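Written out below as structure tokens is the structure these notes cover.
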Amino acid sequence: MSPRVNPSKLQWIKKPSLYIISSDKLVVETEPYTSFHMDKEENTAVRLVGKPRKEFDISAMIEYNFKHPEDECGLVVEIDKTHWIKFGIKREDNEMNHIFVEKYDSHEKDYSERVFGIGIDTMYLKIKYHDGRILFQYGFNKDRFWTAREIQFEKEYIATVGIYACSPGNSYFDCTFSSLEMNEIRRN
């Protein structure tokens with residue numbers, strides 16, 4: 001059985017006005033003033049999610065065309081509205097982007113980031129949840145990954161995992177998610 005996920009079989013949490021979806025990719029155009037942050041009553045980021053197994057990994061190739069500072073996209077792990085982690089890429093300014101991990105746990109935020117140049121417009125992201133730990137990895141191709149962060153995460157269950165994109169400012173951008181895979185981790 002292939003671990004490849006058909007995006008059209010996943011559930012929209014927030015559907016964009018403009019998107020193209022097929023069995024192997026999702027292309028979205030974000031809308032201005034959309035966000036995915038802890039200080040918002042309702043997160044308005046485009047989100048497409050699925051229900052994971054107890055232990056899993058999820059990965060995707062993400063191509064992005066940021067236009068404005070704070071534009072962002074990536075992967076998300078959600079327990080509920082007050083417990084989630086996003087792993088993404090964000091435009092900093094006209095020279096730099098960030099790859100970041102943001103954990104939101106009952107009104108407390110934990111954030112870490114790494115900086116890279118804006119000449120990179122494709123990133124591979126992977127999240128692996130196993131034995132109460134979540135490992136966040138990134139790569140510039142599908143063959144080699146680096147660890148961005150590891151977090152101890154002793155929650156009883158993870159409700160959904162998936163992809164997201166948003167433009168908090170007066171901006172929009174195109175983002176393509178492809179090679180989306182979700183694997184169940186089996187114990188020996």
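Every read-out reported here was derived from the displayed coordinates using simple, explicitly stated rules and does not represent laboratory data. Everything quoted here is computed from the prediction, not taken from an experiment. Cβ: placed from backbone, ideal geometry, glycine included. Neighbour counts: every protein chain shown.
Here are the numbers for the structure shown:
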read-out: Relative packing of peptides 175-181, 22-28 - highest average C-beta neighbours within 10 Å first; value: 175-181, 22-28
read-out: Relative packing of 47-59, 118-130, which averages over residues the other C-beta atoms within 10 Å, highest first; value: 47-59, 118-130
read-out: Local net charge near Lys90, Cβ-Cβ under 9 Å (Lys/Arg +1, Asp/Glu -1); value: -4
read-out: Amide H contacts under 5 Å for Glu55, placed H, 5+ residues apart; value: Ile185
read-out: Footprinting exposure proxy for Phe87, Phe116 (fewest neighbouring C-beta atoms within 10 Å first); value: Phe116, Phe87
read-out: Partner lysines for Lys90 [C-alpha distance under 26 Å; skip if fewer than 8 residues away on the same chain]; value: Lys14, Lys15, Lys25, Lys40, Lys51, Lys67, Lys81, Lys103, Lys109, Lys126, Lys128, Lys142
read-out: Cα-projected label distance for Arg144 with Ser106, points at 7 Å along beta-carbon direction, nm; value: 4.2
read-out: Cβ-based exposure ranking for Thr160, Thr34, Thr147, in which fewest neighbours within 10 Å come first; value: Thr147, Thr160, Thr34
read-out: Two-site label geometry, Ser179 and Lys81: point separation in nm, points 7 Å out along Cα→Cβ; value: 3.7
read-out: Calculated FRET value between Lys54 and Asn94, using beta carbons and R₀ = 45 Å, to 0.05; value: 0.55
read-out: Charge dipole (debye, nearest 20) of region 7-184; +1 at Cβ of Lys and Arg, -1 at Cβ of Asp and Glu; value: 460
read-out: The chain: relative contact order as a whole-number percent, Cα under 8 Å and 6+ apart; value: 34
